[in-house]
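A short worksheet on the structure shown next.
The values are calculated or read from the model by the stated rules, or taken from the named source; none is laboratory data. Not measured: the values here are computed from a predicted model. FYI the Cβ positions are ideal-geometry reconstructions off the backbone, even for glycines, and counts take in every protein chain you see.
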Amino acid sequence: MIYDFLLKLTGSEIAAGFIQSLLPLFVFILPFALFAVLLERKVSAHMQDRLGPMRTGYHGILQTVADIIKLVQKEDIVPTNSDKPLFNIAPVLVFTGSYAAFAAIPFSSAFIGSNIDLGLFFIVAVSGLVVAGILMAGWASNNKYTLLGAMRSAAQVISYEIPTMLVILTIVMMTGTLNLTTLSELQTGYFWNWMILGGPVAGLVKLAFIPSMFIGFVIIYISTLAEVNRTPFDIPEAESELVSGYHTEYSGMKFAMFFLAEYANMFAVSAIVAAVFFGGYQSPIGYLGNTLDILWLIPIEQFFWFTFKGVFFVFVQMWLRWTLPRLRVDQLMALCWKYLIPIAFVNLLIVGLITVL
Amino acid sequence: MPLKTEEMVLNMGPQHPSTHGVLRLELQLEGEIIKAVKPHIGYLHRCFEKHTEVMTYPQVIPYVDRMDYLASMYNEFGYAIAVEKLLGIEVPERVDFIRVIMGELQRIASHLVAIGTYGADLGAFTPFLFAFRDREKILSLFEMTCGGRLLYNYIWVGGVSHDLHPDFVRLTREFISYFRPNIKEMNELLSFNKIFVERTANVGILPLDTAINFGISGPNLRASGIKWDLRRDDPYSVYNRFDFEIPIGDGRMGTVGDCWDRYFIRILEMEESLKIIEQALDQLPEGDVTSAIPKRIKPPVGQVYTRVENPRGELGYFIISNGSLNPFRVKVRAPSFVNLGIMDELCRGHMIADVIAILGSIDIVLGEIDR
């Protein structure tokens with residue numbers, strides 16, 4: 001829809017495609033990162049009996065803007081013994097990986113970067129780029145701490161992609177689609193049609209699906225936490241052990257790119273969880289646009305609901321971060337390989353059996 | 001041809017977020033497994049012991065403040081007792097009670113830092129701020145009494161510098177009733193958290209005989225399962241008049257003497273300290289606190305060794321007097337210094353992340369190690 005509109009506006013397919021691909025960046029990722037950093041600070045502050053930033057603007061709402069200005073002004077330090085080309089490419093690669101994932105995220109029925117049939121697969125595949133970037137950053141910095149951080153990170157992200165994929169596979173088996181828009185459309189109607197509550201099927205089968213879906217949700221949420229390196233799985237950047245992990249040597253705007261990528265990634269994984277289990281952009285209680293008979297209101301409402309769900313899961317990630325300690329690297333691997341993957345497999349088999357019957 | 005692997009040497013510190021100051025640990029690693037740990041100390045050496053030789057006895061007190069800067073009151077306490085023993089003077093009863101109250105408040109403040117930073121070392125940042133929030137209240141009590149929040153110069157030879165503020169007793173009681181529930185909160189948030197227990201239980205186990213051989217003292221020794229507390233076993237001041245328990249490690253979550261035991265013993269000790277403070281406040285006698293302070297401190301020729309139970313262990317002062325106004329020698333037996341020696345023994349075979357857990361559980365203060 002956006003594409004058609006842009007095509008009419010610019011009259012050129014290339015320009016329309018270009019603008020459309022840039023839209024998520026400027027309309028969503030950058031403002032979201034600004035908002036999320038502030039949210040993180042405020043959430044942590046209020047959980048810890050503090051006020052958080054209060055001086056920049058009303059209750060510190062301009063704090064992130066000030067931070068970004070500070071980061072841009074900073075000297076861009078490249079360590080003497082670093083592998084310079086890799087050192088410079090790494091932050092770009094990490095940022096690209098997390099930004100590209102946004103291309104296939106359906107913000108509403110009218111606003112999706114690229115409505116490809118392999119949407120889910122694309123997001124998971126493109127997120128793999130982030131690992132390459134992290135490894136590059138860790139290696140190129142020529143520092144033992146960053147190298148350790150990068151190695152841990154690579155091991156962690158790759159292992160946790162397996163349970164994520166298994167859960168996604170479960171859903172794909174049920175719905176028969178990898179397209180996120182189709183997946184969202186399937187869960188239309190009210191909240192009892194969401195996948196977490198058994199999906200858009202009726203009768204006893206629905207009840208049989210519910211436990212599996214809850215297990216699947218818990219597994220995918222834990223694994224995505226690990227994939228974006230958040231507490232209790234923030235081992236790659238474990239501040240108290242590895243200083244700050246793979247981005248220890250980065251400063252200025254390059255550091256900001258890692259930072260931005262982290263927050264973009266947080267939303268991306270939350271968006272997957274929301275799209276797969278919580279109805280995507282569908283409203284839980286019906287649309288005002290339908291009631292009032294104003295059709296253009298519906299996509300806007302959908303955008304609101306999707307953002308709301310995404311931000312809610314981001315909030316839960318922050319909540320966990322400021323509550324829990326950190327696991328050790330071997331415990332993290334044990335959790336993934338000994339618990340999450342077997343459970344995800346069994347879950348997959350159960351859902352498969354129910355679907356066949 | 002067999003593959004040759006090399007051990008990696010990793011320097012942790014002196015600029016590192018969780019070495020608790022300027023400690024440098026030289027880690028020999030095989031992958032992430034620790035082969036050996038070599039602590040390098042001396043980055044905070046301020047020639048304290050040499051300085052004292054040109055100071056008069058009261059002038060040393062601000063220097064002992066700066067050794068274990070998280071337990072300044074207790075350092076002064078030990079020093080004052082040592083010099084009083086050398087001089088052979090008795091202090092008024094009220095002074096003894098005030099010293100005990102201050103010492104136990106300081107113990108709580110110090111343990112709060114230990115617990116809070118331990119949480120932060122393991123990635124839980126919120127308990128850290130909760131602990132500091134409560135410590136702040138204790139520091140305000142100290143500030144009300146003597147004006148200092150970190151370094152006090154309060155306990156003097158023969159007395160204390162000021163009497164208590166008229167509101168002190170009331171506010172301290174208020175603090176006790178405020179603080180008791182917060183210990184429970186800390187237990188719910190951190191002590192019994194599944195991830196925290198996973199990280200600390202059965203990690204860095206310190207058997208009792210090893211602990212004794214290395215001269216470990218304080219909470220670290222008690223966590224290995226022995227009731228050894230100088231407040232009871234070698235009483236000084238008026239500690240024999242109070243009724244309190246000596247908590248020991250019981251291996252509730254893993255093995256006796258693991259990191260969790262060393263952590264939890266501090267939580268239990270805070271509760272015991274609250275009990276002591278309550279009793280001391282009830283029995284607090286009236287009197288003059290400055291009457292016994294000598295005008296000129298010139299002890300006779302001789303030497304003395306006294307030891308007190310500092311929040312970190314046995315704090316000993318060995319003072320030699322040659323009959324002049326300055327001490328001939330002041331040697332401090334710093335508990336952190338002795339406790340740090342166990343690092344290599346505890347860390348071998350563990351992972352890098354465990355080094356942080358073990359170092360945090362030993363609870364060192366670099367100011368005291370380097371002096």
Looking at B:197, B:238, which is the one that is more than 14 Å from chain A (Cβ to nearest Cβ), touching a Phe, Trp or Tyr at 6+ places or on another chain (Cβ under 7 Å) and either among the aliphatic types (A, V, I, L, M) or crowded, with 19+ Cβ neighbours inside 10 Å (or both)?
B:238
I'm told residue A:117 meets every condition in (1) part of a helix (DSSP H, G or I); (2) within 24 Å of the chain's Cα centre (by Cα) except one. Can you identify the failing condition by its number?
(1)
Which residues, counting only those in region A:59-97, are under 15 Å from residue A:142 (Cα atoms) and surrounded by fewer than 13 Cβ atoms within 10 Å (Cβ to Cβ)?
A:80, A:81, A:84, A:85
Quick check on region B:313-358: of everything there that is among the hydrophobic types (A, V, I, L, M, F, W, C) and within 14 Å of chain A (Cβ to nearest Cβ), which residue is surrounded by the most Cβ atoms within 10 Å (Cβ to Cβ)?
B:357
So which residues in region B:28-50 are under 20 Å from the mean Cα position of the chain (by Cα) and under 14 Å from residue B:355 (Cβ atoms)?
B:39
So which helices (runs of 4 or more DSSP H) are wholly in region A:264-337 and hold at least 3 residues that are within 14 Å of another protein chain (Cβ to nearest Cβ), under 28 Å from residue B:187 (Cα atoms) and touching a residue at least 12 places away in the same chain (Cβ under 8 Å)?
A:297-321, A:329-334
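A quick yes/no check of all residues on (1) modelled with pLDDT of 80 or more; (2) surrounded by fewer than 24 Cβ atoms within 10 Å (Cβ to Cβ); (3) at negative phi:
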| residue | (1), (2), (3) |
| --- | --- |
| A:208 | no, yes, yes |
| A:212 | yes, yes, yes |
| A:217 | yes, yes, yes |
| A:221 | yes, yes, yes |
| A:226 | yes, no, yes |
| A:255 | yes, yes, yes |
| A:268 | yes, no, yes |
| A:279 | no, no, no |
| A:282 | no, no, yes |
Going through region B:242-260 in order, the residues found to be surrounded by 15 or more Cβ atoms within 10 Å (Cβ to Cβ) and closer than 30 Å to residue B:157 by Cα are B:242, B:244, B:246
Residues being more than 14 Å from chain B (Cβ to nearest Cβ) and crowded, with 22+ Cβ neighbours inside 10 Å - total across region A:139-156:
2
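Do the conditions hold for residue B:221, that is, is it part of a helix (DSSP H, G or I), aliphatic (A, V, I, L, M) and under 23 Å from residue B:355 (Cβ atoms)?
It is true that residue B:221 is part of a helix (DSSP H, G or I), aliphatic (A, V, I, L, M) and under 23 Å from residue B:355 (Cβ atoms).
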Can you name the residue in region B:200-220 that is within 14 Å of chain A (Cβ to nearest Cβ) and more than 29 Å from residue B:105 (Cβ to Cβ) and, of all such residues, is surrounded by the fewest Cβ atoms within 10 Å (Cβ to Cβ)?
B:202
Sort through A:182, A:188, A:177 and tell me the only one that's out of contact with any Pro (no Cβ under 9 Å at 6 or more places or on another chain), part of a loop (DSSP other than H, G, I, E, B) and surrounded by 14 or more Cβ atoms within 10 Å (Cβ to Cβ).
A:177
What residue, of B:164, B:206, is closer than 20 Å to residue B:74 by Cα and part of a loop (DSSP other than H, G, I, E, B)?
B:164
Residue hits (region B:1-24; at pLDDT 80 or above and in contact with a Gly (Cβ under 6 Å, 6 or more places away or on another chain)) are B:23, B:24
Suppose the filter is surrounded by 18 or more Cβ atoms within 10 Å (Cβ to Cβ), out of contact with any Ser or Thr (no Cβ under 9 Å at 6 or more places or on another chain) and of a type outside the set (Phe, Trp, Tyr); does residue A:123 pass it?
yes
Answer residue from region B:123-137, given it is facing chain A (nearest Cβ under 7 Å) and in contact with a Ser or Thr (Cβ under 7 Å, 6 or more places away or on another chain) and is farthest from residue B:351 (Cα to Cα) among those:
B:126
Scan region B:159-176 and give yes if some residue there is at pLDDT 85 or above, surrounded by fewer than 19 Cβ atoms within 10 Å (Cβ to Cβ) and touching a strand residue (DSSP E or B) at 6+ places or on another chain (Cβ under 9 Å), otherwise no.
yes
Which ones in region B:182-194 are part of a helix (DSSP H, G or I) and surrounded by fewer than 15 Cβ atoms within 10 Å (Cβ to Cβ)?
B:184, B:185, B:187, B:188, B:194
Which condition number does residue B:54 fail, the rest of (1) surrounded by 14 or more Cβ atoms within 10 Å (Cβ to Cβ); (2) more than 26 Å from residue B:309 (Cβ to Cβ); (3) modelled with pLDDT of 85 or more being met?
(1)
(1) modelled with pLDDT of 85 or more; (2) surrounded by fewer than 18 Cβ atoms within 10 Å (Cβ to Cβ); (3) of a type in the set (S, T, N, Q): which one isn't true of residue A:56, the others all being true?
(1)
Please give the strands (runs of 3 or more DSSP E) falling wholly within region B:255-371 in which 2 or more residues are in contact (Cβ under 8 Å) with a residue 12 or more places away in the chain and aromatic (Phe, Trp, Tyr).
B:313-321
